[in-house]
Amino acid sequence: MTEQSLAEWLARLEALHPREIELGLERVAAVARRLQLLPVSVPVVTVAGTNGKGSVVGALEALLTHKGIRTGVYTSPHLLRFNERIRIGGCEADDAGIVSALQAIDVARGDISLTYFEFATLAGLLLFQREAVDVVVLEVGLGGRLDAVNIVDPNVAVITSIALDHQDWLGDSLDAIAREKAGILRPDIPAVIACSEVPAGLAEAVMASGASAYWLGEAFGVEPAMQEWDGWVSGTEGTRRRLPLSQNPALLAQNLYAALQVLECLGYPVSDVEAQAILPALQVPGRRQAMIVGGVELVLDVAHNPAAVARLVEFLQQRPCGQKTIAVFSAMADKDIPSMLQLMRGEVDGWFLADQPGNARAATAAGIAAQLRAAGEGMISVSRNLRQALARARSVAAAGDRLLVFGSFHTVAAAMSWLAREREKA
């Protein structure tokens, strides 16, 4: 096993556990204790929520790194490389480090079965310990209460927006989902709640947790003011200070100010100068990421539920396209695809839909096409894979048009790979 590559290890991990997802903490916590990973000896921030987690984590990493604080950041899923999930000091962990961690975990687990995600979580924690990072930031993969990262007690917890998603695992109501997300909270720790519409279940769970809540719109918040956000954060003693920022069109203000509030709670307050130097230009890959390619505006967004698509529509409307908007779309079959498509009505002039061969979760392009036709959409192309759909869409996009790619992480990842190949040809 010592000579296996990272790719070989990942293939093995996918086959080791009978189920891709198995929520619960007993197995992964037992292995973490064998590896002496608990408790984590440095401050930990855990981020849960339906949408916006990546933005909060990205802002925390950028701001802490700017301050010279060495971070260990764990996120999921990845777009192009597994290494994206584990970042140390602002850089992806290398293959050798990850393989070494996976080897140690495999030995320590004995006969305990771990999922792919649990192996990855433990690998992140082990590498953070080996590299002696100053602050750990953990992004919840699914839910919160039973997610593998919840074996770690956070010093600060964050809950971003709550929306319907993963109902098969988390419950079929906003209240039920909110209670699962709030499972990351602990008594007496700061809980930064960056949710603009708070379900009753979340308010109840926060109160029951005994955490010290910092609510959006109260302890911290933001108001639009011309080309700026006029925001504020609160110190641990309750003092409030204004912190205006130039607007970042790609990211939601509430998530950026949540990150600023987290740093106040951690004892790493951010100055006006530091915030202005980092946040207005911050780009989180695949989150309303816009660029010009051959005279065409390319917009990539991993939006994969109605709430995220609604934010994407707002982004598009804030920067109207004078010509055609052409969408490349593929999504998982368990998502609310009809609502996602309905939100896009009037925003897209042509649809390029793709199958995802080998991905059993993906909806068929033909099925999505049928939904669009039933809704009265006319310009629809069906492709056998995302690479073909992207090539076809690009072939009809003229200078001044917009090419929009959204629907899932898989969809955006395919676009990033396609874009890299196109740039190599140029």
Could you run through segment 115-139 and say how many residues are modelled with pLDDT of 95 or more and assigned to a loop (DSSP other than H, G, I, E, B)?
4
What single numbered condition from (1) more than 30 Å from Gly183 (Cβ to Cβ); (2) modelled with pLDDT of 95 or more; (3) assigned to a loop (DSSP other than H, G, I, E, B) fails to hold for Leu282?
(1)
Going by the conditions given, is Leu146 under 17 Å from Gly183 (Cβ atoms) and surrounded by fewer than 23 Cβ atoms within 10 Å (Cβ to Cβ)?
yes
Residues to consider are Arg186, Arg145, Arg179; find the one that is over 22 Å from Arg33 (Cα atoms) and not hydroxyl-bearing (Ser, Thr, Tyr).
Arg179
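Residue-wise test of (1) touching a strand residue (DSSP E or B) at 6+ places or on another chain (Cβ under 8 Å); (2) not β-branched (Val, Ile, Thr); (3) not in a loop (DSSP other than H, G, I, E, B).
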residue	(1), (2), (3)
Ala15	no, yes, yes
Arg27	no, yes, yes
Val47	yes, no, yes
Ser55	no, yes, yes
Glu61	yes, yes, yes
Val73	yes, no, yes
Could you check segment 189-237 and list, in sequence order, the residues that are more than 21 Å from Arg311 (Cα to Cα) and part of a loop (DSSP other than H, G, I, E, B)?
Ile189, Gly210, Ala211, Glu218, Ala219, Gly235, Thr236, Glu237
So which of Thr115, Thr65, Thr46, Thr75 is open to solvent by 50 Å² or more (accessible area, probe 1.4 Å), in contact (Cβ under 8 Å) with a residue 12 or more places away in the chain and polar (S, T, N, Q)?
Thr65
Every pair of residues 6+ apart whose Cβ atoms lie under 6 Å, when the first sits in segment 334-362 and is assigned to a loop (DSSP other than H, G, I, E, B) while the second is of a type in the set (D, E, K, R)
Asp349/Lys324; Asp355/Arg384
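Each row is one residue, and each column tells you yes or no for (1) over 20 Å from Ala62 (Cα atoms); (2) surrounded by fewer than 17 Cβ atoms within 10 Å (Cβ to Cβ); (3) hydroxyl-bearing (Ser, Thr, Tyr); (4) in contact (Cβ under 8 Å) with a residue 60 or more places away in the chain.
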site	(1), (2), (3), (4)
Ser234	yes, no, yes, no
Gln254	no, no, no, yes
Gly267	no, yes, no, no
Asp272	no, yes, no, no
Ile278	no, no, no, yes
Ala281	no, yes, no, no
Arg287	no, no, no, yes
Val296	yes, no, no, yes
Reported set for segment 372-386 where residues are part of a helix (DSSP H, G or I) and either at pLDDT below 95 or surrounded by fewer than 15 Cβ atoms within 10 Å (Cβ to Cβ) (or both) is Arg373, Ala374
From the list Ala366, Ala389, pick out the single residue that is touching a residue at least 12 places away in the same chain (Cβ under 8 Å), surrounded by 22 or more Cβ atoms within 10 Å (Cβ to Cβ) and hydrophobic (A, V, I, L, M, F, W, C).
Ala389
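The values are calculated or read from the model by the stated rules, or taken from the named source; none is laboratory data. Since we're looking at a predicted model, the values are computed, not measured. Cβ sites come from the backbone with ideal geometry, for glycine too, and all protein chains shown count toward neighbours. Side chains are part of the model used for accessible areas, which takes the heavy atoms of the whole protein and leaves out ligands, DNA and RNA. Shrake-Rupley method; radii C 1.70, N 1.55, O 1.52, S 1.80 Å.
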